[in-house]
1. If you check A:ARG148 against the conditions, is it within 9 Å of chain B (Cβ to nearest Cβ), at pLDDT 80 or above and either on the phi < 0 side of the Ramachandran plot or outside any loop (DSSP other than H, G, I, E, B) (or both)?
2. Considering each of B:PHE282, B:PHE257, B:PHE292, B:PHE264 in turn, give the residue that is open to solvent by 50 Å² or more (accessible area, probe 1.4 Å), more than 11 Å from every other protein chain (Cβ to nearest Cβ) and of a type in the set (Phe, Trp, Tyr).
3. Among helices (runs of 4 or more DSSP H) lying entirely in region B:717-810, which contain 1 or more residues that are modelled with pLDDT of 85 or more?
4. So, in region A:113-134, how many residues would count as being part of a helix (DSSP H, G or I) and either at the interface with chain B (Cβ under 10 Å from one of its Cβ atoms) or touching a strand residue (DSSP E or B) at 6+ places or on another chain (Cβ under 9 Å) (or both)?
5. Being in contact with a Leu (Cβ under 9 Å, 6 or more places away or on another chain) and within 14 Å of another protein chain (Cβ to nearest Cβ), is that true of even one residue in region B:304-323?
6. For region B:550-596, name all the residues that are hydrophobic (A, V, I, L, M, F, W, C) and exposed (fewer than 11 other Cβ atoms within 10 Å of the Cβ).
7. Do we have B:LEU740 as over 25 Å from B:ILE575 (Cα atoms) and among the hydrophobic types (A, V, I, L, M, F, W, C) here?
8. Being more than 7 Å from chain B (Cβ to nearest Cβ) and at pLDDT below 75 is the filter here; which residues of region A:164-181 pass it?
Amino acid sequence: MGTTASQLGKDLLSEYQELTFLTKQEILLAHKRFSECLSKEDKNLPTPRVPMEKVLSLPELKSNPFRKRICHVFSTSDMKDGSLTFEDFLDLLSAFSDSATLEIKSHYAFRIFDFDDDGTLDSGDLEKLVNCLTGETDDTRLTPEEMRQLISNILEESDIDKDGTVNLSEFQHVISRSPDFVSSFKRLFCEVYK
Amino acid sequence: MPRKSDVAAKIEDVGIEIDGDVSDSEDDTSRRRGNRRPAAGRGGARGRGKKPADEDDEDEEEEEAPRTRRGANKKKASKSRDIDDESEDDAPKRRRGGAANKKKGGKAQDSEEDSEEEKGNKRNKKGAAGKKGKEEETKDNKKKGDAKGKGKGKEKEDEKDKKKKKKKESSSDTDSNADSEEESMSEGEMERLKEEVEEKKKVIAIMRNKPWRMKRRLVYLKECQEFVDKFEGALGKGKGRKFYAYKVMMMKKWIKFQRDFENFKTTCIPWERKIKEVESHFGSSVASYFIFLRWMYGMNMVLFGLTFGLVVIPEVLMGLPYGSIPRKTVPRAEQPTAQDYSVLMDFNGYCKYSVLFYGYYNNQRTIGLLKFRLPLSYLMVGVGTFGYSLMVVIRTMAKNADVGGGDGDDGEFTFAWKMFTSWDYLIGNAETADNKYASITTSFKESIVDEQENQKDENIHLRRFLRVLANFMIICCLGGSGYLIFFVVKRSQEFANRNDLSWYEKNELELIMSLLGLVCPPLFETIAELEEYHPRIALKWQLGRIFALFLGNLYTFLFALFDEVNNKLDEEVSIRNASIWALKEYYANFTLHNNDTDVTPPPMDPSDVIRGPCWETAVGIEFVKLTVSDIQVTYLTILIGDFARAVIVRFLNYCWCWDLEATYPSYGEFDISGNVLGLVFNQGMIWMGAFYAPGLVGINVLRLLSSMYYQCWAVMATNVPHERVFKASKSNNFYMGLLLLILFLSLLPVVYTIMTLPPSFDCGPFSGKAKMFDVIMETIDLDLPAFLGTLMGYAANPGLIIPAVLLMVLAIYYLNSVSEAYQHANAELKKKMQMARDEEKNRRNNTESTDQVMKDLEDLLPNRSLLPPAPPPETGADNKADQGGKSTKVRPGTAGKDVNLQKDVSLSSPNPNTRGAALTDDLKSALRSDLKDVVLALLMTPDQFDAHQLRQATKV
């Protein structure tokens, strides 16, 4: 614990606190968690990255259907491999923390749901989203007919400008009216130990 | 000469000095003013350039606004200021440079400054020497301005003077140097700087709300902070400066403290990690129980503090010790068994005559050296317990309602919400996740089916019938259990007169109540299966039903208790006489034996005095017993029902003929409703019993503490996630509502006893008074000044109380009607918003179509020779779709006339020779001049176009 604190540095820590919705303890815990995920040779790099596989195998993300998307959205890697630096990791935690605002949560939720990264949720994205939500097994999957119906219903509700896709502002409009989005879109996973 | 005196007085005040100059040379100022505008523009441009290039538009706007304001400031202050145009441009830079100079220290700069002063003019353009450079510039300006004017020589002298002084200053010490620099800042500049600093601070504060990358935020934050750090100290002037710097420093400290405090607070929240762990395994609904438990613990800690701090501990420290008076002594008849385990477990013997119960407290008005008014404090704490609980419950409810604020009830976005918000990101357990997948799929399918066939008549009838049937059965159950308890209570009253009772007969009432509490909830759950509600709604029904059951039990118990209390009160009258008689007899005997009337007899041994029944202690004991038995039953249920079951299922599974884990009996689910209700009723018991048994609060705190660890362990070790995982976002207030109801219901009997029943004559803090609240009257009479007493007397007058009550009723009525009006307005607004949204939709479709077509044309026309244009059928299809109205690809939303025109365009384009060649040519030529107008003319009806042109004309 002491080593992590000294590794981070006081100024950096306070800056991280300023920039995220996390408290000091949470940042320290996150750092500890993060360093645990690093392999030995990575630790010497100036900005070490945790590969996506490592992040995905964290117990908190293991059963999340959006885990790959989450990694991709928060990764700053140039290779698009979903690897995370510590700062990316903090971004991730901050967005999912209890006190993050609706605005930031909905922004990241939108980017997570936007599977092809084109800035809108089209029917392809929505289909993938439904498949993620209903799981991998066949008995929980929807039939193509149901899927079509569902997607057209969703578009009818939330696609205000009728361009066949849901864009960010439409998405935020829908989300902001929802009573339980903020409470569900959180996960402080540096808190959970195995 | 103002100029001269100025110069002589202070060089730092360049601005004022220049004022004199300005009055001398009017043309100079005008020139300056003229230059200022472009300078401001440049400044803006530079400011933008300074920022990271990839900044959001929003930010630029934010920055722009203050900048223009600053520009205005500049103009206003132009007379009182003398800053060159260039210096304005890069003022921040300069200031940075200046600050850097400051740090370097004056002495090191000495030589540098000398040389700089010689260079003079050149420095102007470099603009890197900070304030001093500016001052130099000032002088240059002055030179120019005064070139034709008078007093050239004087000016030069002044300059020399200045230089000398400056040298002195800079060599003297760093501080004065810095001072002069800062104070040379004039009002407007200061303001500008202040604004800039404020702005940066604001940016820092909202930085975390920006969905940027961390790296970018870090860089930007550093930049801002550097800026703020540098210039914050430089603000303020004269004597105010130090104060300002101090203020800034304190501000920083305060912010840091706040953050630390926040950190500290989060560390202080107990069991956060435990709850998160449970949350990740079982979803938020199970966790909501634990959060509720933690909340209860917090509230009970406060109650505990009140009771122990103000009643129990003063009594222990300052009150009479055990054995000094009859109420603090075990009677002689009970003494042999007073330490038996079974007696102590029944809270008799030493327990009964301890500080835990009402009877132990003495009715001395003040105790100890501090003259602590224990009886008054006792009553106040009793009332305060209820007051505090009510306040906390209501405040929490209001807070919860506020958080829930979103208008979740209008079913606009059912599908979208299901889609976007149904995943519980807290789930970190594979099994729970699987259950969640299944439940999401079901809910999708259900809603699709609902949408497809909105009503199934026969199904609804069947369902209604089933629901009615279920409710009927449950009411039967409730009635049955009520009768059973009534019967048992009657029987126990019969038993009360007999002594040859078996263990069962003694504990019949508690046993039956616990059994009912065990059997009925699962029964209700089974019956509720008939109703097929959504689990969240089903949970509420279940809670309500169990609540009714428990409430019935509790109130039956209370009535039985009241019967007992009344019996005891009757008994008391005779005992009172008997005890007085006994005392007299004792004294008579004493004088008879000693034959000496002068000697005062020693007081009777406290254990021999005949006691009254002390109904308050009896009530307290009942509640403590009930609470303890409740704890035992709960813990045993968990141990047997969950743990033993889990162990059996786990280990017998190896040698059993069917799969115990997958089929019957499998592992238990966590029973949210039962646990929550158990907690709520337990709390009700505490509220009711706390007045008669102050120790009960302590017992309850222990119970909640142990229960937190025990249940957390049990749920993680032995339970499986619910089959249908659901979120419990809104149940919290429901729990609170139950708690409030119970609080109110437990308030009633306590207040009734305090207000109407006479306290026992020989035990408790109120003994000897007609009513318990007489202690307040006594305090008013004896301790407060007389006029307050009369005031109170007036206040208690019905003539005042009735109007007060009336006023309150009126206030409630008024507030109620106001809130209704708000609700109405809210509904209206919602309707309006809906309408606006529809309108927006329509309008957007229209504009979209024009834009789209325009774009198409734009794309199309220049390349027409190369590429085949858009085929006309598409347009037709689009139009059709538009008329259909419900396609995802709605484009042109125009009237029939326009459609024809449009068709003309698109049709004419492929073969200009045959059709509408002239039109196309016109179009082509016009496109070069004004594409938009032509297209608009084509798309709009003539009237619309006229209106449009009019509008355009008026706009210009």
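The values are calculated or read from the model by the stated rules, or taken from the named source; none is laboratory data. As the structure is a prediction and not an experimental result, all values here were calculated from the model. For neighbour counting, all protein chains shown are included, and Cβ atoms are generated from backbone atoms with ideal geometry for every residue, glycine included. Just the protein is used for accessible areas: all its heavy atoms, side chains included, with ligands, DNA and RNA removed. Shrake-Rupley method; radii C 1.70, N 1.55, O 1.52, S 1.80 Å.
1. Here the answer is no, as A:ARG148 does not meet what is asked.
2. Being open to solvent by 50 Å² or more (accessible area, probe 1.4 Å), more than 11 Å from every other protein chain (Cβ to nearest Cβ) and of a type in the set (Phe, Trp, Tyr) holds for just one of B:PHE282, B:PHE257, B:PHE292, B:PHE264, which is B:PHE257.
3. B:731-756, B:774-782
4. 9
5. Within region B:304-323, not a single residue is in contact with a Leu (Cβ under 9 Å, 6 or more places away or on another chain) and within 14 Å of another protein chain (Cβ to nearest Cβ).
6. B:LEU592
7. For B:LEU740, the condition - over 25 Å from B:ILE575 (Cα atoms) and among the hydrophobic types (A, V, I, L, M, F, W, C) - is met.
8. Those that are more than 7 Å from chain B (Cβ to nearest Cβ) and at pLDDT below 75: none in region A:164-181.
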